[in-house]
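Let me begin by presenting the structure, written as structure tokens, before commenting on it.
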Amino acid sequence: MGRGLAGRTAIVTGAAGGIGAACARVLADRGAVVVGTDMRNPDDVVRAGLSEFTPVDITDAAAVHDFVETVASSYGDLALLVNAAGLYPSANLTEIGGDDWDRVLSANLKGPHLCTAAFARALVKTGRPGAVVNITSTAGFRARAGAAHYSASKAALNMLTRSQAIELARHGIRVNAVAPGYVKVGSTLNPISGDYERAVLAGIPLGRVGTPQDVAEAVAFLCGDAARWITGEVLVVDGGASAGNTQLPPSGAEEPVPCG
């Protein structure tokens, strides 16, 4: 694996597990100095791949500002930010209360805004270019039952990504997003039944569910110089599930069907 990110410092939120931990590991493998943050504590394996780990509440503007300023002053070439922290609760629409709504929107939308704003201020101050990658979801443009607050937060984050990209382009800061489809992260918070997973798998043309590594490789691409003329994009990583109606059989017509 190349070392194309050598000498660059990266902040990864949600680094204690799942997609965030995979992003931290892949960026470190490519030479970046990775500072992780999360409200959970990482295990020893995850922590070993980080140059530093600091618990930070990404919904607290003052805490985020202080954290980013400390990283920028301690490590020098702050250049990358991956906003991977977020919540994915499951609840029926009629059961989502105001507090539930605020908690999900705060973690999934307010947090990435505060982190990106603090990151941008630090880079603008030094005149250095940089790259931000937000982790969104295909749920941001394909609604699903039981996730109204989650889907709304990710749809908003897709648009926030584009707004951030437009505003920060003049400072040499690129902002993109990766929208994963179904990714198995081994979480016990919302266990998935085998029937549900088989139904999901039937709609994935590439024939398997995603892994955190699949998402992390896409993130690393957007962080690197190969993506230097890409900003404001949402890269879908879902095995082809969103390409179309993947579960309809071929029409079966033996002759061309006339059109028009």
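Of note:
- Positive-pole candidate from Ser90, Leu78, Leu105, dipole of region 61-158, charges at beta carbon: Leu78
- For region 5-142, the orientation-averaged shadow of the C-alpha convex hull comes to 8.8 nm² (one quarter of the hull surface).
- Simple rule: put +1 on each Lys or Arg Cβ and -1 on each Asp or Glu Cβ in the chain, find the dipole, and look at Ala15, Val219, Val175; the Cα lying farthest toward the positive end is Val175.
- As an equivalent ellipsoid, region 41-119 spans semi-axes of 28, 16, 9 angstrom, where each value is the square root of five times an eigenvalue of the C-alpha gyration tensor, largest first.
- One equal scatterer on each Cα of region 1-56, no solvent, Debye formula: the resulting log10 I(q)/I(0) at q = 0.14, 0.25 Å⁻¹ is -0.29, -0.87.
- Cβ-placed point charges (K, R +1; D, E -1), dipole of region 57-109 about Cα centre in debye, nearest 20: 160 debye
- Kirkwood hydrodynamic radius of region 135-179, Cα pairs, Å: 11.0 Å
- At R0 = 35 Å, FRET efficiency that the Cβ-Cβ distance of Asp195 and Arg47 yields, to 0.05: 0.45
- Sorting Thr70, Thr161 from the fewest to the most surrounding beta carbons within 10 angstrom yields Thr70, Thr161.
- From largest to smallest, the equivalent ellipsoid semi-axes obtained for the chain from the alpha-carbon gyration tensor read 32, 21, 18 Å.
- In plain terms, the chain from Asp77 to Arg170 could stretch by 31.6 nm, reckoned as 0.36 nm per residue minus the Cα-Cα distance.
- Cross-link reach list, aspartates and glutamates versus Lys125, counting only Cα pairs under 13 Å and skipping chain neighbours closer than eight places: Glu69, Asp77
- The longest part of the chain holding none of the exposed loop trypsin sites (Lys or Arg not before Pro), meaning those outside H, G, I, E and B in DSSP with at most 16 other Cβ atoms within 10 Å, is 41-141.
- Taking the number of Cβ atoms within 10 Å of each Cβ as an exposure proxy, the fewest-first ranking of Trp101, Trp229 is Trp229, Trp101.
- Label positions at Asp60 and Leu206, each projected 7 Å from the Cα along the C-beta direction, are separated by 3.8 nm.
- Cβ crowding within 10 Å, taken as a proxy for footprinting-reagent exposure, orders Asp195, Asp57 from fewest neighbours to most as Asp195, Asp57.
- Area projected by the alpha carbon convex hull of region 73-123, averaged over all directions, nm²: 4.4 nm²
- Cα Rg over Rh - region 68-171, Kirkwood: 1.06
- Taking the Cα centre of the chain as origin and assigning +1 to Lys and Arg Cβ atoms and -1 to Asp and Glu Cβ atoms, the resulting dipole is close to 620 debye.
No lab work stands behind these numbers, since they all come straight from the coordinates. Keep in mind that this is a model prediction, so the values were computed, not measured. Glycine also receives a Cβ, built like all others from the backbone with ideal geometry; neighbour counts cover every protein chain displayed.
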